[in-house]
Amino acid sequence: MKDPFEREIDYLRISVTDRCNLRCLYCMPDGIEKKTHDEILRDEELIEIVKESVKLGISKIRITGGEPLVRKGIYNLIKKISDVKGIKEVTITTNATLLNGNVKRLKEAGISRVNFSMDTLNTEKFQYITKSKLTLDYENLIKELIQYELLPIKINAVLLRGFNDMEIPEFIELADKYDLIIRFIELMPVGHLDFDHEKYYISKKEVLEKYQELDFYKKDIIADYYKVKGKKGIIGFINPISHKFCENCNRLRLTADGHMKPCLHNNNEVYVKDVDRNLLSDKIVEAINAKPKSHTLDESIDNRSDRPMNKIGG
Ligand code: SAM
Ligand code: SF4
């Protein structure tokens, strides 16, 4: 269905859990209050919401979190979602730390593409930014994703001044080696974290001035893409704040505790858990109709959503 601004809403991002095995500094605060089991949407409730959403025009689903792969029974749940009639594509965004050795299972569950997040190629820096002792064997993971043809492989890295902006040449080499799409995400102020947004924020403009070998290649709804002459792979920049893509926004978000978010960047939500089945469709329509023309984060970061990112899913 179309929202009040004539945008066709066909994409639902489902956060299946607010829990995560990492604590990325810009995403998940320490000591965060976790939802209880009863507050989180059960598989059956999720499937009902997906079915009603399909009737309203949703055909593409992205599974996200928190970290989706920490949800118990996640492979079964993905299979149930992919089996809903009318769903054409199910994809996932994951931190990939639980993915090595599980790509075949993910494909059999119905996932057609994987975006994984990795802000740095350096183990110590990875453990610093994720506040964990885990490591990511990304080269073997990439090989596994290629083996099972979950292509193209997209890697997301949040661009952080003084932390990973100097690693861009290494990311370009990695993209070349495995023919990857690597996308740098502009740091967003979401939730109320003790993370110094201003210190770490760096704009695409500044990066492009520094790495002049990046030649403009193409753009899609959310990103601008660049290539380096003579190299395989694509480097993208997702800039929701400095170059908002609200005009082409085709998405709704469902939080793990059952709130539909018409927009990532404000506090408006429609509660869809524990709603009488006959009223569920009306609630989803309410969320679609509540989509704002655009976010107002560029006017002031005080307009941000109070939920931290792990409770929304990106
Ligand atoms: N745990 C999974 C992961 O890390 O890919 C899925 C959920 S995570 C919230 C989805 C995406 O949001 C990740 O790519 C993450 O880097 C990004 N993200 C989290 N907080 C962010 C922030 N403050 N600004 C920009 N991107 C952010
Ligand atoms: Fe977890 Fe993803 Fe947030 Fe990192 S970005 S804390 S991996 S949900």
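Each residue of segment 221-237 is assigned a 3J(HN,Hα), and the resulting list reads 3, 10, 9, 9, 10, 10, 10, 10, 3, x, 10, 7, x, 10, 10, x, 10 Hz, derived from the Karplus form 6.51 cos²θ - 1.76 cosθ + 1.60 (θ = phi - 60°), x at Gly and Pro.
When shorter helices are ignored and each DSSP H run of at least 4 residues is given -39500 (n - 2.57), the per-residue value for the chain at 222 nm works out to -7500 deg cm²/dmol. The distance linking segment 117-164 with segment 1-69 is 22 Å (Cα centroid to Cα centroid, whole angstrom). For segment 62-119, the alpha carbon positions stretch 35, 20, 19 Å along the principal axes, listed from largest to smallest.
Placing a label point 7 Å from the Cα of L98 along the Cα-to-Cβ direction, the residues of segment 134-173 with a backbone N closer than 17 Å are 134-137.
Annotation: cysteines of the chain without a disulfide-compatible partner (Cβ-Cβ under 4.7 angstrom) are C20, C246, C249, C263.
Rounded to the nearest 0.05, the FRET efficiency derived from the C-beta distance between Y211 and R277 at R0 = 51 Å is 0.45. Result for the chain in a Gaussian network model with C-alpha springs under 10 Å: among T94, T64, T135, the largest mean-square fluctuation is at T135. Between N122 and F245, residue separation times 0.36 nm minus the direct Cα-Cα distance comes to 41.1 nm.
For the options F171, F245, F163, a Gaussian network treatment of the chain with springs between C-alpha atoms closer than 10 Å singles out F163 as fluctuating the most. Label sites at M1 and D165, each approximated as a point 7 angstrom past Cα along Cα to Cβ, lie 4.4 nm apart.
Using a simple spin-label model with points 7 Å from Cα along the Cα→Cβ vector, what separation in nm is obtained for D43 and K231? Distance between label points: 4.4 nm. Computed from the C-beta positions of D179 and D137 and an R0 of 22 Å, the FRET efficiency is 0.70 to the nearest 0.05.
Modelled spin labels at E89 and L151, positioned 7 Å past Cα toward Cβ, are 1.7 nm from each other. Name all residues of segment 63-82 having a backbone nitrogen under 16 Å from the label point set 7 Å from the Cα of I221 along its Cα→Cβ direction, giving them as ranges. The answer is 63-64. Within the chain, the ratio Rg/Rh, alpha carbon atoms throughout and Rh by Kirkwood, equals 0.94.
With the whole protein complex present, M188 retains an accessible surface near 30 Å², based on a 1.4 Å probe.
Once the C-beta distance of E108 and S59 is scaled by a Förster radius of 25 Å, the resulting FRET efficiency is 0.75 to the nearest 0.05.
The values are calculated or read from the model by the stated rules, or taken from the named source; none is laboratory data. Bear in mind the structure is a predicted one, so any value in this text is a computation, not a measurement. Note that each Cβ is placed from the backbone with ideal geometry, even for glycine, and that neighbours are counted across all protein chains shown. The area values use the complete protein model at the heavy-atom level, side chains included, leaving out ligands, DNA and RNA. Shrake-Rupley method; radii C 1.70, N 1.55, O 1.52, S 1.80 Å.
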